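The values are calculated or read from the model by the stated rules, or taken from the named source; none is laboratory data. Fair warning: this is a prediction, and the values are worked out from it, not measured in the lab. Don't worry about glycine lacking a Cβ; one is built from the backbone with ideal geometry, like all the others, and counts go over all protein chains shown.
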Amino acid sequence: MSHNPGVAPGSSLNASRRARELAEARETVVDLLVVGLGATGAGVALDAASRGLSVAAIDAHDLAFGTSRWSSKMIHGGLRYLAKGQIGVAMESAAERGVLLRHTAPHLVRAQPYLLPLTPEVSRAQAEVVMAGYRLGDLLRASAGTPRHLLPGPSRVAAARARALVPALRPHGLRGALASFDGRVVDDARLVVAIARTAAAHGAWVLTRCRALTLSGDGAEVRDELGGETFTIRARRVVNATGVWAGRLTASVSMRPSRGTHLVLRPGTLGEPRASLHVPIPGEGARFVLVLPQPDGRVYVGLTDEPVDGPIPDVPEAPETDIAFLLEVLNSVLEVPVARADVAGAYAGLRPLLTGDGRTADLSRRHAVVRASDGVVTIVGGKLTTYRRMAEDAVDAAFPRAPRSRTARLPLVGADVSAPARGSRDGVPRRPSERYGVPRRLSERYGSEAAAVHALADRDPELAETLPTGVTTAELVWAVRHEGALDAGDLLDRRTRIGLVPEDRASALPAAERVLRDHAR
């Protein structure tokens, strides 16, 4: 495979590579077939391929089509699980957060400051309990070996400082705020793309639009959703990593999904917040609504935790009851309330929780590896932060005698491990510098490949066209040539997040269609 300057060797995903490897998959028995290309499935493909196993990884739709793209974009250290006594889950989360921050994805994951406003509704006793929890979270950081310059410790800030960081806070009765830090990923779907491309660089076949119709311990009957043909992929082992949909293919697991809804606010709706918020939910103790500023200027507000009964949709919808609830909690700390008309978009994701009793909010986020009688290994539960550990456990279960996992120190595509670690200034972690000689938003999203993305626009002025959220047409071309984007939905809804706001999606659609017409190959 030819190597393009600035592109990780062997990592490019595109239509021509898909066609070639799909043909090879019909004729070859691979060591491992992975079904599902969210974070966990892509992680399984990378883990196995990096151990020297031959891998085919398929998905009925696209990379990050399901739950992985609907998260809060948090890479969190497990404090909420510690509060519930789930010590093992909390420690695992803190360890995996450190892996992403330090070794595998420092270009995509960084520290994010959070404020808990001390309003009249938060008593001094409650504030002390929360601060004690933050200090426990800092102990988790230390136990995981994550340096404090990457994740500063908790503190209390004055009311003036809190409003400087989040100008929309209501000043009346504000006693200040509790500040804490946790990890966040610039874009969860981009993390999945980086994982999948890294797997491809290690030889995995990454095949989107390839639906598993039936699974068995030695392969699957699949359908090419583009060409319509049905055929068999044969494998020595099979891992079902379809998350909340796992029960459709393997009867040995039972899921109890819960819906997490987020609002999308346009840039400027809350001023220009420099920190996220923890907004206490009345009567819920340690549960909060999160206010999450994004690099593109939008702000996400979430999330709910509601059980979902009945058939599981491919793309869940955010109900008006969830939107009203989130607005009510958000407005409890704002000087100027956000109205329903101010909500530019909303999205909902389904958490793949194992069946249990009680509220979905109280079910464990611990993952589980389940082996069916026919040998199919299913990995379920868990969360975005721990995708790598989940993948490692799944491959260990499928191949007990395989070499040990390498992924805890394996940089993902775009990671520049020679870059200096980012510290903090004035309590707010510094964003990546323009060390690649390109706009900051590109270095935050593409890391060491940012200069190559930027060069596309330099060579062709038409590709310098700016679309909503600051995305350039050059980025759409890059996604088609190197990131496996096959249609407009891939471009607008996953490689970029333009599609979260319907009006923005409509305005960018002609550019996406033009790129697909002129650059797909």
- Test: Ala506 is touching a helix residue (DSSP H, G or I) at 6+ places or on another chain (Cβ under 7 Å), at pLDDT 95 or above and in a helix (DSSP H, G or I): no
- Would you pick out the residues in region 389-406 that are in contact with a Leu (Cβ under 8 Å, 6 or more places away or on another chain), surrounded by fewer than 24 Cβ atoms within 10 Å (Cβ to Cβ) and closer than 30 Å to Val7 by Cα? Ala402
- Cβ-Cβ under 6 Å pairs, at least 6 apart or on other chains, region 228-245 side closer than 15 Å to Ala372 by Cα, far side polar (S, T, N, Q) and part of a loop (DSSP other than H, G, I, E, B): Asn240/Thr250
- Task: Residue by residue through region 1-27, note down the ones that are at pLDDT 95 or above, of a type in the set (S, T, N, Q) and surrounded by fewer than 22 Cβ atoms within 10 Å (Cβ to Cβ).
- Result: Asn14, Ser16
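Yes or no, residue by residue, for (1) surrounded by fewer than 20 Cβ atoms within 10 Å (Cβ to Cβ); (2) touching a Ser or Thr at 6+ places or on another chain (Cβ under 8 Å):
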| site | (1), (2) |
| --- | --- |
| Arg440 | yes, yes |
| Arg445 | no, no |
| Gly470 | yes, no |
| Glu475 | no, yes |
| Asp487 | yes, no |
| Leu491 | no, no |
| Ser507 | yes, no |
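Of the residues that make up region 454-469, is at least one under 20 Å from Arg266 (Cα atoms) and assigned to a helix (DSSP H, G or I)?
Our first condition is that a residue be under 20 Å from Arg266 (Cα atoms); within region 454-469, this holds for 466-469.
Now narrow it down to the ones that are assigned to a helix (DSSP H, G or I): 468-469.
So far as region 454-469 goes, yes, one or more of its residues are under 20 Å from Arg266 (Cα atoms) and assigned to a helix (DSSP H, G or I).
Strands (runs of 3 or more DSSP E) wholly in region 1-118 with at least 2 residues that are closer than 19 Å to Val380 by Cβ - which ones?
On the way: elements: 29-35, 55-58, 109-117.
Passing ranges, in order: 29-35, 55-58.
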- Message: Looking at region 205-227, can you tell me whether even one residue there is in contact (Cβ under 8 Å) with a residue 12 or more places away in the chain, surrounded by fewer than 24 Cβ atoms within 10 Å (Cβ to Cβ), assigned to a loop (DSSP other than H, G, I, E, B) and hydrophobic (A, V, I, L, M, F, W, C)?
- Response: yes
- Message: All but one of (1) in contact with a helix residue (DSSP H, G or I) (Cβ under 8 Å, 6 or more places away or on another chain); (2) surrounded by 20 or more Cβ atoms within 10 Å (Cβ to Cβ); (3) assigned by TED's automatic domain parsing to the domain that holds Ala235 hold for Gly78; state the number of the condition that does not hold.
- Response: (3)
- Residues of region 228-257 satisfying the condition of being crowded, with 17+ Cβ neighbours inside 10 Å, touching a helix residue (DSSP H, G or I) at 6+ places or on another chain (Cβ under 8 Å) and among the hydroxyl-bearing types (Ser, Thr, Tyr): Thr242
- Message: Restricting to region 302-314, name every residue that is surrounded by 15 or more Cβ atoms within 10 Å (Cβ to Cβ) and in a loop (DSSP other than H, G, I, E, B).
- Response: Leu303, Thr304, Asp305, Val308, Ile312
- Would you say Val299 is touching a Leu at 6+ places or on another chain (Cβ under 6 Å), at pLDDT 95 or above and either surrounded by fewer than 21 Cβ atoms within 10 Å (Cβ to Cβ) or assigned by TED's automatic domain parsing to the domain that holds Arg248 (or both)? no
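With Ala23, Ala8, Ala45, Ala19 as the choices, which residue is out of contact with any Ser or Thr (no Cβ under 8 Å at 6 or more places or on another chain) and in contact (Cβ under 8 Å) with a residue 24 or more places away in the chain?
Values: Ala23 fails: in contact (Cβ under 8 Å) with a residue 24 or more places away in the chain; Ala8 fails: out of contact with any Ser or Thr (no Cβ under 8 Å at 6 or more places or on another chain); Ala19 fails: in contact (Cβ under 8 Å) with a residue 24 or more places away in the chain.
None of the others qualify; the one that does is Ala45.
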- Task: Select from region 334-366 the residues that are in contact with a helix residue (DSSP H, G or I) (Cβ under 9 Å, 6 or more places away or on another chain) and at pLDDT below 50 and write down the one among them that is surrounded by the most Cβ atoms within 10 Å (Cβ to Cβ).
- Result: Ser364
- Task: Return only the number of the condition from (1) crowded, with 24+ Cβ neighbours inside 10 Å; (2) touching a Pro at 6+ places or on another chain (Cβ under 8 Å); (3) at pLDDT 95 or above that His103 does not satisfy.
- Result: (1)
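On the given criteria, is Leu116 modelled with pLDDT under 95, among the aliphatic types (A, V, I, L, M), under 22 Å from Met74 (Cβ atoms) and not assigned by TED's automatic domain parsing to the domain that holds Val301?
When the stated conditions are applied, Leu116 does not pass them.
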